[in-house]
Each structure stands twice: as C-alpha cells, then as structure tokens.
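The values are calculated or read from the model by the stated rules, or taken from the named source; none is laboratory data. All of these numbers come straight from a predicted model, not from anything done at the bench. Cβ atoms come from the backbone with ideal geometry, glycine included; neighbour counts cover every protein chain shown.
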C-alpha cells in the first residue's frame, strides 16, 4: 500500500501560507499519517490552519501550529492582568466544572473587562469558556466569540399534527437527508443562491475574497459535532403575546449550526493577529483582543457580522427547502445566535458583549435552548436580567468531553436510550450521546431568573453528522 503524500500545491490550495510550514507539514504527514486517508488528513489540517492556537501543545500538530502562529512580539512589555478581576455572576455553580470557572476568572482579570456572567451550561473551551458572557470596553476578543462565529438555533413551527412524524416517518427522514449536508468538509457541487454571497465585503477584504468560493459551496450545509437538524413535537400550553402562537401541539423543525469554514477561518486569522498585538501571560493569551480603534479590530467586527449573516442564510435555506417539500409555510420562526458579540448599553455605557455559547435573553427576546438528541428543548422569553448581562444558557452543556464519551459510552446503551425516548437517529456518534450532556431541566431550573419557558420541543427524528471524531481530534 502506497504511503500517503500531500503536496505543497495541495496545502496552498486550502490556505497554507508560503514558508517553512509547507515542508514541515509535508514531512509530518508522511511520518504520522503514512497509511491515512487523504480527505481525513486534509480536514484535520484545515482545522489546524483555522485555529493553530488550539494545537500549540498537541502531540501531533504542535510543530505545524508553531509555524502558523505569528512570531512572538518581543517589543514592549507584557500587558498586566488585574489581580482582583471584575466581579461576575454565576448561575448553577454546583454543576459547572472547575476548568470553566478558572477560564472565567482569568477573563475577569483582563484590563478591558467591565462585566461578566457564567451560564449554568458552562464548560471549558478556548479563551472564554463556553457559557461565558463578557462585556468589554472598546475591544473585541475573537476567542470570546469562538471559532464557530454565529452558531445559532432556528425553529419553524408548522400547523401540522406532530403525529404525522410517526405516520409518515420515511417521508420526513428523506426530507432531512435531502435538505442539508453534514460533515466538517461538506460542500455542494452546485452553489445555492442567496443574497449574502453578494455582500461587498467578500470583494473588498482579501481574507474574505479568498474564502468566498468555498463559503458559497458550503452555503446551506450543517457541519459536524453537535450540529443537527431535527423534527419534533412542539407543545405550547398557553398563549404568549410575544410568541403569538395559540396553545396546542405542533410539528417543529429545529436546526443548529453556524458559519462553517468561513467563520473558522475568520476566527483563526484574527486570533493570530490579536495574539501578536497583545502580549499576555501564557494562560491568558487566547483572550487577546483587538481594539475598535485599530484597523484589525474594525475588520474583524465587519467579518464577524458577515459570518453571522452567512450562518443565518444557511438556516434560511434549510428551512425553506423543507417547508417547500412539506407544502406549508411555518406559522412562526424563532431563531437566535449564541456565538457572537454585540454592541449593547450596560449601566449607561456602550460595551461589546461577548456571548460564547450563551443565548441573548433581553426583556421579551425569544430564543431556543436545546437539550440533547433525546432530551427536550425549550422556546424561551428573556426577562432582561442585568446580572446575567441579558443572557441565558445555549443548551444543556457538556458534562463529558468528546473523547471521554467515546471511551465510556457503548452503542448498545445509546440505542437503548434512543428507543426509550422514541427517537430515530440518522447519523450521530457516541460523542453526542445523551449521557454526555447535563440534565437540561436542572439547567433550566438554574436560570429561572433569566428566562420564562413559552414552549417545549421534544425531538423525534434527529439528523447529525455520521462520523465520530478520531481519537487524535480535539475535544
């Protein structure tokens, strides 16, 4: 069997810069992935390219990451963190892991930090913890937003009995399969049409110009990991004037995904720039920021917002396709970002509020908080609680890393859980098994002061990426 070889031309085609990193990568692939599949290795390399800071200490990819990261700025003093740190609110602290707490305390020490909060679904991530909310002055933190910029929820409610899901299961299974593609590298051969691809920023910013073609082919796709599209039963027990839906049981279509490769490339590029411009202590460097007074900060802000529009467009296309096939228009659509930054007024001052894995929950603002592939999700209405910076959790939150889930959960156990809840799963791996997630009802109880529940979604047919992460992939 011939050993795997990847050429410099192939590396440049996916965005690798000219320089020593090309030869280093070619040598590493030849050594570490001698008999690997090219498409899988190329997807791994794309991940390293998008966010090399995440692979600095990786046993396999550290050398590539080192070559991709900007050289450390030796000029100027290291920026000092505030010893005390700003105070921040914690919701559901009993079920939040120490790693997430530590990351939030670190973020609270940034000299640009003004206010913060930690949601009950929080767990450790890169930079700001997932479930972390941080308001800063005149600055934006790329890893305070996250790699999947504009990751969001979207729910369409149809005035169709949910019992149709069981009666016409094969029809709904087929529609999920045809409406979108799953997988980190998934893309269409023929691009979808959507006005977001005509945004002038794609032609004005060199980074975005280089990403335009692939982004167009990924428009309407759903990615991997915890992203999904699913049908389920929506129960509205009483009429809410903001939701505007009569009490009853409806067929619901719920999707969860973000800005795909476009957002990952934007996040990686501007994180590298931020780290090169702000000398922070090693454990805080992923919290490096760009100011809104400098060109790079303004560029990131524009690119981030475009990625958010792109993520919304992906959901719009999926829901439009399925509504057309069902032959009915939705009676209500509810949607929200949960990896984003907003300019908001906090205590009379305009700040930039980062919600990394957190749902906007301003007064009367609607949102979706999902559970797991078997656990209920909720339509919620924000209470505008200032101590949470108008935020709530973005889901149940992981209690088990992907690698731990793969090691400790059996396929038989997952099949039993699916059968118990009457859920048909299309794709999905053990890393996304229900046991890997916190109890959504405990999470909701921890944030009763933040949101009101106005609807309940029970999943019935769930479509996710079918390939589980390889052992060497990051959690």
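Things to note:
- Qualifying residue in region 309-323 (condition: more than 17 Å from residue 107 (Cβ to Cβ) and over 25 Å from the mean Cα position of the chain (by Cα)): no
- Flag for residue 199 being under 24 Å from the mean Cα position of the chain (by Cα), surrounded by fewer than 16 Cβ atoms within 10 Å (Cβ to Cβ) and in contact (Cβ under 8 Å) with a residue 60 or more places away in the chain: no
- Selection within region 106-122: residues that are touching a helix residue (DSSP H, G or I) at 6+ places or on another chain (Cβ under 8 Å) and farther than 13 Å from residue 358 by Cα. The member of this set that is surrounded by the most Cβ atoms within 10 Å (Cβ to Cβ) is 107.
- Index of the failed condition, residue 334 passing every other in (1) surrounded by fewer than 19 Cβ atoms within 10 Å (Cβ to Cβ); (2) in contact (Cβ under 8 Å) with a residue 40 or more places away in the chain; (3) part of a strand (DSSP E or B): (1)
- Screening the candidates 389, 351, 366 for the property of being on the phi > 0 side of the Ramachandran plot and in the same structural domain as residue 180 (by TED's automatic domain parsing) yields one hit, 389.
- Flag for residue 73 being at pLDDT below 95 and either over 30 Å from residue 29 (Cα atoms) or surrounded by 14 or more Cβ atoms within 10 Å (Cβ to Cβ) (or both): no
- Qualifying residue in region 134-143 (condition: surrounded by fewer than 24 Cβ atoms within 10 Å (Cβ to Cβ) and not in a strand (DSSP E or B)): yes
- Candidate set from region 237-283 (those that are in a loop (DSSP other than H, G, I, E, B) and touching a helix residue (DSSP H, G or I) at 6+ places or on another chain (Cβ under 7 Å)); member that is farthest from residue 157 (Cα to Cα): 280
- Every condition in (1) in the same structural domain as residue 322 (by TED's automatic domain parsing); (2) in contact with a helix residue (DSSP H, G or I) (Cβ under 6 Å, 6 or more places away or on another chain); (3) at pLDDT 95 or above is met by residue 132 except one, and the failing one is (1).
- Residue tally, condition crowded, with 18+ Cβ neighbours inside 10 Å and assigned to a strand (DSSP E or B), over region 215-236: 9
- When 327, 308 are checked against the criterion of being touching a residue at least 40 places away in the same chain (Cβ under 8 Å) and either in the same structural domain as residue 219 (by TED's automatic domain parsing) or surrounded by 22 or more Cβ atoms within 10 Å (Cβ to Cβ) (or both), a single residue qualifies: 308.
- Residue under evaluation residue 313, criteria (1) surrounded by fewer than 17 Cβ atoms within 10 Å (Cβ to Cβ); (2) not in a loop (DSSP other than H, G, I, E, B), criterion not met: (1)
- Among the candidates 85, 125, residue that is buried (at least 21 other Cβ atoms within 10 Å of the Cβ), outside the structural domain of residue 286 (by TED's automatic domain parsing) and modelled with pLDDT under 95: 125
- Residue match in region 247-256 (condition: out of contact with any strand residue (DSSP E or B) (no Cβ under 7 Å at 6 or more places or on another chain), in the same structural domain as residue 181 (by TED's automatic domain parsing), farther than 21 Å from residue 316 by Cα and surrounded by fewer than 17 Cβ atoms within 10 Å (Cβ to Cβ)): no
- Of the helices (runs of 4 or more DSSP H) contained entirely in region 376-475, those carrying at least 3 residues that are surrounded by 15 or more Cβ atoms within 10 Å (Cβ to Cβ) and touching a strand residue (DSSP E or B) at 6+ places or on another chain (Cβ under 7 Å) fall at 440-446.
- Residue 51 being surrounded by 20 or more Cβ atoms within 10 Å (Cβ to Cβ) and modelled with pLDDT of 85 or more: yes
- Inside region 79-114, residues that are under 24 Å from residue 277 (Cβ atoms) and touching a residue at least 40 places away in the same chain (Cβ under 8 Å) make up a count of 8.
- The residues of region 337-375 that are over 21 Å from the mean Cα position of the chain (by Cα) and part of a loop (DSSP other than H, G, I, E, B), listed by number, are 347, 348, 363, 364.
- Restricting 162, 166, 191 to residues that are part of a helix (DSSP H, G or I) and either modelled with pLDDT of 95 or more or not assigned by TED's automatic domain parsing to the domain that holds residue 13 (or both) narrows the list to 166.
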